[in-house]
Amino acid sequence: MKIDTHVHTRNSADGRDSISEICRQAVEKGISFLCTTDHLDYDLKYGGHAAVPWKHIDLDEYKAEWLEAKEALGEDSGLELRFGIEAGWSKKAEKHLEELLPRYDFDQVINSVHFVLGWDVYFPQAFWFKPKKRLYSQYLKNVLESLDAPYEYDVVAHFGYVTRNAPYKDKSLNYSDYPELFDKILLKVIEKGKALEINTHKTWYPTDEILRRYYALGGRKISFGSDSHRGQLCEDYEKVCAYLLDIGFTHFSVFRKHVESLVEIPRF
Ligand SMILES: [Zn+2]
Ligand SMILES: [Zn+2]
């Protein structure tokens, strides 16, 4: 069974395809469970910096388009379509998300950290004049704090994302540099019963040592997200399945109205 539970549509400023086009691609790829998860980044509205003026999502439009695509899909497509959101955490965004998220009846909420020290770390400007240690330790502290978000969420996304566009000569974020912080985060994910995501957009996150540490600490809940923005549904799915089975994971977590179901990780 092929699943993908982190997918962007044209309702994200950086997404391309309509939801019905994504459904068409999913059916073609033999995907049987797909959750769309567009960006909801309140920081952009409340003083955060991005190098380009991202358009903020219109949740009503997103929901209307999703309902239409769901209906058009029908019962016999072999694809179960679910409605999700990628909620960008920050201390400022928390209260807005707490108020807004319950109004949309999401199947799955992804908890993400994109902003560190006021900047979206997607952009090089986020790193200007900031030594690696300052930026990375603050990222980890943000992730730790995000786990106590006052709203319902299911998945902890792309843990380690801060390194993606980092300009440092050695941009790796190693367990040995922050063992206590890493363990606090991983133990909290486990204690709260959240699923840690394996994200295959460009670089895989988390890194091998962090994923193995999660497993060693008792973490078993894992979700799969291609984080597709332009037709990359289920990217590296077969490789990821083999890799996770090798570590010892047996099931992916998927969510319907925040209720978890387990899907056996297939052997190809
Ligand atoms: Zn993200
Ligand atoms: Zn995403």
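The values are calculated or read from the model by the stated rules, or taken from the named source; none is laboratory data. Computed from a prediction, not measured in an experiment: that's the story for all the values here. So basically every Cβ, Gly included, is an ideal-geometry build from the backbone, and we count neighbours across all protein chains shown.
The sole residue among Asp38, Asp43 that is within 16 Å of ligand 2 (Cβ to nearest atom) and either at pLDDT below 95 or out of contact with any helix residue (DSSP H, G or I) (no Cβ under 7 Å at 6 or more places or on another chain) (or both) is Asp43. Please go through region 120-138 and pick out each residue that is assigned to a loop (DSSP other than H, G, I, E, B) and surrounded by fewer than 20 Cβ atoms within 10 Å (Cβ to Cβ). Answer for region 120-138, where residues must be assigned to a loop (DSSP other than H, G, I, E, B) and surrounded by fewer than 20 Cβ atoms within 10 Å (Cβ to Cβ): Tyr122, Phe123, Trp128, Phe129, Lys130, Pro131. What about Val113, is it within 16 Å of ligand 1 (Cβ to nearest atom), over 19 Å from Ser253 (Cβ atoms), at pLDDT 95 or above and within 16 Å of the chain's Cα centre (by Cα)? Yes: the conditions hold for Val113. Restricting Thr207, Thr203 to residues that are among the β-branched types (Val, Ile, Thr), over 28 Å from Leu100 (Cβ atoms) and within 16 Å of ligand 2 (Cβ to nearest atom) narrows the list to Thr203. Against the test of being out of contact with any Lys or Arg (no Cβ under 7 Å at 6 or more places or on another chain), of a type outside the set (Gly, Ala, Ser) and within 15 Å of ligand 2 (Cβ to nearest atom), the options Val116, Val155, Val121, Val189 yield a single qualifying residue, Val121.
In summary, Phe268 fulfils each of the numbered conditions (1) modelled with pLDDT of 95 or more; (2) surrounded by fewer than 13 Cβ atoms within 10 Å (Cβ to Cβ) with the single exception of condition (1). Cβ separations smaller than 9 Å between residues 6+ apart or across chains give the following pairs from region 189-211 residues that are touching a residue at least 60 places away in the same chain (Cβ under 8 Å) to residues that are in a helix (DSSP H, G or I) and within 16 Å of ligand 1 (Cβ to nearest atom): Asn199/Tyr161. Among the helices (runs of 4 or more DSSP H) confined to region 172-256, the ones with at least 1 residues that are under 16 Å from Met1 (Cβ atoms) and of a type in the set (Gly, Ala, Ser) are located at 237-247. Listed by position, the helices (runs of 4 or more DSSP H) contained in region 1-119 that have at least 1 residues being more than 23 Å from Val143 (Cβ to Cβ) are 19-28, 59-73.
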